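Comments concern the structure below.
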Amino acid sequence: MPPRFPGLKQVPLPGGPKNTTYIIRDNYKRHMYAENEVARKALKYLAHNTSLPMKTRLEAQLQLHQMPHYTRPTEIKNRCIESGYGRSVIKEFRVCRIKFRELALKGELPGVRSSSW
Amino acid sequence: MLSRSLASLAATTRFVGRRYSPALRFYSQSVDDTPVFSEKHLYPAANTFVQSSTTPVPATNRPIPLNVALTDVAVIRHPVIHGDKVAEITLASFMSTKDLDFYADFLLRAAFYLKIPAKGPTPLPRKYKKWTVIRSPFVQAKSKQNFERVTYRRVIKLYDANPEVVQILLSIANKYPLAGVGVKAVLYTNESAEVVDAMDLPSDFELENPLAINKVHLDAADGEVAHKVLELLKDPRFSEELVSEQVQEKSAKKPTEKPAKKDEQ
């Protein structure tokens with residue numbers, strides 16, 4: 001069986017405070033997508049272009065399908081850069097709700113303060 | 001005594017001159033009151049001495065530079081003559097309007113010394129961004145906490161200046177940033193209507209490649225993708241004629257579905 005994530009150890013690690021398995025995997029997928037982004041988009045353009053002959057479009061679609069799963073953009077998931085948590089990540093600060101609350105109360109997020117009305 | 005009499009004399013002559021001199025009366029009717037800001041009014045003539053500092057302050061016995069002394073006065077502005085908006089500088093801060101106004105004042109003074117007509121600072125509506133998060137790291141999801149961030153903004157509009165001068169002002173803002181104040185500049189330029197006409201015409205490249213891709217794709221930010229598309233189209237696999245057998249071969253390569261459980265049994 002081929003490895004699920006070939007060359008996982010060769011990819012440089014992200015520089016966050018904590019590297020969990022899921023963060024390393026996600027980082028790997030981001031690198032793989034970046035490498036294959038041009039090819040993917042070109043194939044997708046050919047496959048979706050209705051002015052091209054059917055043969056060309058089919059060939060492009062098949063080649064796109066043969067690319068490995070880790071080159072897909074949909075595999076990428078935003079994770080908390082502090083804790084690696086994958087749910088309720090606040091996009092603006094890239095941290096999960098738990099770390100967001102901690103940091104905001106410490107005053108480490110610029111301008112964020114407790115609000116009441 | 002002498003000075004007082006001279007002053008009164010001057011006052012009377014001025015009064016007489018205004019009221020009774022027919023030449024002056026004629027002149028006052030035809031005079032153009034619109035402000036003239038030719039070079040001789042705005043700048044000193046060449047090779048003339050310009051005072052760059054005030055007289056020495058008795059306490060320190062040192063003069064104060066003129067531009068420092070001018071900070072006591074409100075910002076001086078050059079009048080907008082043509083009304084061509086050249087740039088909009090937006091300042092934004094999360095914490096206070098104090099820094100914002102200080103920095104806006106600084107930029108307006110810099111604009112004055114660069115002879116850029118400027119308007120502002122105009123306050124823009126505050127931006128409120130709110131987050132509601134669960135208070136606890138685990139369960140108790142009913143108990144929440146609200147956080148907010150308020151963004152205060154000011155706008156400075158620049159008029160009638162050359163793009164090079166605007167760039168100098170922006171480089172000043174770049175060189176002397178104020179902590180906690182963000183600067184965003186939107187620059188405006190005017191183009192002739194011919195540019196729009198040229199955009200409608202198909203280029204030579206588009207006439208040569210009518211189907212696959214056009215020049216806009218190549219020039220765009222994803223020009224790399226367009227070049228890759230052209231490269232792929234050179235491959236005979238993409239251009240051969242479609243044969244039904246080939247389709248079957250290709251589709252056979254796809255991972256086939258697992259046989260249903262009923263068949264196994």
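Scanning segment B:217-238 for any residue that is among the small types (Gly, Ala, Ser), at positive phi, open to solvent by less than 70 Å² (accessible area, probe 1.4 Å) and modelled with pLDDT of 65 or more turns up nothing.
Consider segment A:85-117 and keep the residues that are assigned to a loop (DSSP other than H, G, I, E, B), open to solvent by less than 20 Å² (accessible area, probe 1.4 Å) and within 30 Å of B:Met95 (Cα to Cα). The one that is farthest from the other protein chains (Cβ to nearest Cβ) is A:Leu109. For segment B:92-102, the criterion of being over 16 Å from the mean Cα position of the chain (by Cα), open to solvent by less than 60 Å² (accessible area, probe 1.4 Å), free of Cβ contacts under 8 Å to residues at least 40 places away in the same chain and more than 14 Å from chain A (Cβ to nearest Cβ) is met by none of the residues. For segment B:133-148, what are the residues that are in contact (Cβ under 8 Å) with a residue 12 or more places away in the chain, touching a helix residue (DSSP H, G or I) at 6+ places or on another chain (Cβ under 9 Å) and of a type outside the set (Phe, Trp, Tyr)? Listed by number, the residues that qualify are B:Val133, B:Gln145.
If the condition is being within 11 Å of chain B (Cβ to nearest Cβ), among the basic types (Lys, Arg) and open to solvent by less than 70 Å² (accessible area, probe 1.4 Å), then segment A:11-59 contributes A:Arg40, A:Lys55, A:Arg57. Taking the condition without any contact (Cβ under 8 Å) to a residue 60 or more places away in the chain, in contact with a strand residue (DSSP E or B) (Cβ under 8 Å, 6 or more places away or on another chain) and farther than 24 Å from B:Thr151 by Cα, does A:Tyr85 pass? Yes; evaluated as a whole, the condition is true for this residue.
In the set (1) within 10 Å of chain B (Cβ to nearest Cβ); (2) open to solvent by less than 50 Å² (accessible area, probe 1.4 Å), A:Gln66 fails one condition alone, (2). Annotation for segment A:23-34: no member residue is without any contact (Cβ under 8 Å) to a residue 12 or more places away in the chain and more than 30 Å from A:Tyr85 (Cβ to Cβ). Checked against the criterion of being at pLDDT 95 or above, over 24 Å from the mean Cα position of the chain (by Cα) and of a type in the set (D, E, K, R), the candidates B:Lys175, B:Lys130 yield just one match: B:Lys130. Do you know which residues across segment B:121-134 are surrounded by fewer than 13 Cβ atoms within 10 Å (Cβ to Cβ) and closer than 12 Å to A:Arg97 by Cβ? Result: B:Thr132, single match.
Among the residues of segment B:76-125, what is the count of those that are at positive phi and either of a type in the set (Gly, Ala, Ser) or not in a loop (DSSP other than H, G, I, E, B) (or both)? Total meeting the criteria: 2.
The values are calculated or read from the model by the stated rules, or taken from the named source; none is laboratory data. The shown structure was predicted, so the numbers you read here are calculated from the model rather than taken from an experiment. Heads up, the Cβs are rebuilt from the backbone with ideal geometry, glycines too, and the neighbour counts pull from every protein chain shown. The area values use the complete protein model at the heavy-atom level, side chains included, leaving out ligands, DNA and RNA. Shrake-Rupley method; radii C 1.70, N 1.55, O 1.52, S 1.80 Å.
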